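To start, the structure under review is shown below, and the notes come after it.
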Amino acid sequence: MITVYHYMGVAGILFAMGTYGVLTRRNAIVIFMCIELMLNSVNLTFISLSTHLQNMDGQIFVFFIMAVAAAEAAVGLALMITFYRNRESIDVDDMNMLKW
Amino acid sequence: MEIIFFYLVAFVVVVSGFLVILCKSPINSALGLVNTFFCLAIFYVMLHAPFMAAIQIMVYAGAIMVLILFVIMLLNLGTAARKRYTQGIVWSAIASLMVLVNVVFFLKRGRVTGAEGDVTAFMVESVGHTELIGRTMFTEFILPFEIASILLLVAIVGAVVLAKKEV
């Protein structure tokens, strides 16, 4: 019998892995993908709780998270292209132009 | 039977998540991420949410991943992106392990309860998941829906303005 705890455990593992990736990687695109991984783990939590509590609202939330993630992908990747044009790199260690 | 399938898919999810965070080449990470999205879509089907599985594959595995792969190939990341950094790995591992321990601790101790609604699995099968989503979204959540459309419009304009050579 699969309970809601199984799904939330998987979501927790995915979220922890996404955290590790965001903290260790230096390539901005890979960091972006790790953030997508974390967003997806939250989506899994929402949908498993929505099914468990027999309520539709969690799935509507997931719908809006997907819309925001699509907008974020478009703007974030445009930012990376602009940065690459200026500095010839997307290493986050090179992103220090605002540093005092 | 179902639990064996669940553990199989969960194993694939975890392995492809490790591919995302450990592969040196961004392309391999992107392919691992696509695999993760597909496995999550399988989870959504198992959770009686087929519409969510469909838009997971269409929006995430389709649109967003194509965008990411386009940018990876456009930027042509050579050797510069493959430098190995080792500082901070221990602290990052500790931080992410703490997140995991938190989740496991609260799942072990707590019980998931709440006010139960009326959308049972039987109702989803008889009425249809898409219709239920549509009914909720276009009555209760109509204002957030409109705001999301404005957000997407702003994102389109912002992406065009940012990526243009000269404005």
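The values are calculated or read from the model by the stated rules, or taken from the named source; none is laboratory data. What you are looking at is a predicted structure, and each value in this text was computed from that prediction instead of being measured. Ideal geometry is used to build each Cβ from the backbone, glycine not excepted, and the neighbour counts take in all protein chains shown.
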Seminar exercise, completed: In the set A:76, A:58, the lone residue that is more than 7 Å from chain B (Cβ to nearest Cβ), touching a Ser or Thr at 6+ places or on another chain (Cβ under 8 Å) and buried (at least 18 other Cβ atoms within 10 Å of the Cβ) is A:58
Exercise. Looking only at residues in the stretch A:89-99 that are surrounded by 14 or more Cβ atoms within 10 Å (Cβ to Cβ) and not in a loop (DSSP other than H, G, I, E, B), which one is farthest from the chain's Cα centre (by Cα)?
Worked result: A:94
Exercise. For the subset of the stretch B:5-33 comprising residues that are surrounded by 21 or more Cβ atoms within 10 Å (Cβ to Cβ) and of a type in the set (Val, Ile, Thr), which member is farthest from the chain's Cα centre (by Cα)?
Worked result: B:21
Problem set entry | Single unsatisfied condition, residue B:2 versus (1) buried (at least 17 other Cβ atoms within 10 Å of the Cβ); (2) facing chain A (nearest Cβ under 7 Å) | (1)
Exercise. With (1) over 16 Å from the mean Cα position of the chain (by Cα); (2) in contact (Cβ under 8 Å) with a residue 24 or more places away in the chain as the list, and residue A:86 as the residue in question, which single condition is left unmet?
Worked result: (2)
Exercise. What pairs come up if the first residue lies in the stretch B:125-139 and is more than 8 Å from every other protein chain (Cβ to nearest Cβ) and over 17 Å from residue B:149 (Cβ atoms), the second is modelled with pLDDT of 90 or more and in a helix (DSSP H, G or I), and their beta carbons are under 6 Å apart, counting only those six or more places apart or on different chains?
Worked result: B:129/B:50; B:129/B:51; B:130/B:51
Exercise. If we keep just the residues of the stretch B:19-36 that are facing chain A (nearest Cβ under 7 Å) and of a type outside the set (Gly, Ala, Ser), which is farthest from residue A:37 (Cα to Cα)?
Worked result: B:26
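For residue A:24, are the conditions met, namely being more than 28 Å from residue B:5 (Cβ to Cβ), facing chain B (nearest Cβ under 7 Å), in contact with a Leu (Cβ under 7 Å, 6 or more places away or on another chain) and among the β-branched types (Val, Ile, Thr)?
No: the conditions fail for residue A:24.
Have a look at B:74, B:69 and point out the one that is at pLDDT below 95, of a type in the set (A, V, I, L, M, F, W, C) and more than 20 Å from residue B:21 (Cα to Cα).
B:74
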Exercise. Of these, B:92, B:126, which one is of a type in the set (Ser, Thr, Tyr) and surrounded by 12 or more Cβ atoms within 10 Å (Cβ to Cβ)?
Worked result: B:92
